[in-house]
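Below: the structure, in structure tokens.
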Amino acid sequence: MDETQALNNDFEARLDRLVTILTQSQRLAFLTGAGISTSSGIPDFRSSTGIYRTTSAELFSIDFIQTRPAEFYAQFKDFYDLISSARPNRGHLAIAELERLGKRVDVVTQNIDALHTQAGSTRVAEIHGTLRTASCMVCARQYPREYFHDAMLRGEAPLCECGNFLKPDVTFFGEPLPEREFAKARRAMWEAQALLIVGTSLQVYPAAGLPRDCDAGAPYIVINYTPTPLDYQASIVFHEAIDEVLPRAVDLLKA
Ligand code: CNA
């Protein structure tokens, strides 16, 4: 067994190495995906228990909601229900704590559940949009959550005052990403002294390409149950649970 293999097999050694990187880096970036929210009760897409086991990816395409809005909302209801009642878990809270410890922490998330903000992170780029607002698919008028929340919980398609259907302001497959949020995300990558890639299979572009914007000297740390395409470039890889790794690392940093 060579030195790298030995390190990768030893959880405590990897944890120590992560703590060293966290100690040495003032500007951190996190690229997070659905995996950080699974222990808050929201399934991800691609795990063995993920949404794609029971629901076709087609549901999340712009064509689907534009052509079959009533069917979209009927199927989206259960997922919306879970997201609406979810609370941040130890992974989200550990990231927010790093900010309170004086680090500059940019969180770039593909998630639409707003749990990083609820946990207390203040520099969050939501690159796949948000469920806090919804907009008319015809006149583009935007409404706050209170306006459409009850209808969505009932699985009914919410309507604009003009009579047309609303679409949540999340990015559906086939739509461009919100420009301002994506620009914030790229800046976070450029400026990071270390990047933590957490709970994402890195299958969805352009989000999966963001790490390429990092400075060549900035180490990557991957925390994800299953291997990702960037594991081979990472300084440390954890295939363990996020809420085992991050809270432990933050506790050690404080010790
Ligand atoms: P994904 O492709 O489903 O990948 C999630 C990854 O997380 C998988 O590789 C899992 O192995 C890993 N994982 C799951 N739970 C844990 C855990 N506790 N510890 C460690 N690893 C874990 O999801 P991505 O985020 O990569 O895909 C991008 C899509 C998913 C984005 O468009 C999101 O909007 C969308 N999504 C978001 C949510 C949410 O907002 N919570 C939920 C489901 C899907």
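The values are calculated or read from the model by the stated rules, or taken from the named source; none is laboratory data. This structure is a prediction, so every number in the text was calculated from the model and none was measured. Glycine gets a Cβ as well: all are built from the backbone with ideal geometry, and neighbour counts include every protein chain shown. Each accessible area value is taken on the protein alone, full model and side chains, heavy atoms only, with ligands, DNA and RNA left out. Shrake-Rupley method; radii C 1.70, N 1.55, O 1.52, S 1.80 Å.
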Task: Filtered residues of region 23-50 (kept if surrounded by 20 or more Cβ atoms within 10 Å (Cβ to Cβ) and among the hydrophobic types (A, V, I, L, M, F, W, C)) - done: Leu28, Ala29, Phe30, Leu31, Ala34, Ile36, Ile42
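Return the residues of region 36-65 that are outside any helix (DSSP H, G or I) and hydroxyl-bearing (Ser, Thr, Tyr); say none if nothing qualifies. Don't jump to the end; show me each part of the working.
Of all residues in region 36-65, those outside any helix (DSSP H, G or I) come to 41-50, 54-56, 61.
Across region 36-65, the qualifying residues are Ser47, Ser48, Thr49, Thr54, Thr55, Ser56, Ser61.
For region 80-118, name all the residues that are open to solvent by less than 10 Å² (accessible area, probe 1.4 Å) and within 15 Å of the ligand (Cβ to nearest atom). Steps first, answer last, please.
Our first condition is that a residue be open to solvent by less than 10 Å² (accessible area, probe 1.4 Å); within region 80-118, this holds for 80, 86, 91-92, 94-96, 98, 105, 107-109, 115-116.
Those that are open to solvent by less than 10 Å² (accessible area, probe 1.4 Å) and within 15 Å of the ligand (Cβ to nearest atom): Tyr80, Ala86, Gly91, His92, Ala94, Ile95, Val107, Val108, Thr109, Leu115, His116.
Can you spot a residue in region 81-90 that is under 25 Å from Gln193 (Cα atoms) and in contact (Cβ under 8 Å) with a residue 12 or more places away in the chain?
Residues of region 81-90 that are under 25 Å from Gln193 (Cα atoms), as a first pass: 90.
Checking the rest, the ones that are also in contact (Cβ under 8 Å) with a residue 12 or more places away in the chain come to 90.
Taking every residue of region 81-90 in turn, at least one turns out to be under 25 Å from Gln193 (Cα atoms) and in contact (Cβ under 8 Å) with a residue 12 or more places away in the chain.
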Task: Odd one out for Tyr220, checked against (1) away from the ligand (no atom under 13 Å from the Cβ); (2) under 27 Å from Arg132 (Cα atoms); (3) touching a helix residue (DSSP H, G or I) at 6+ places or on another chain (Cβ under 9 Å) - done: (2)
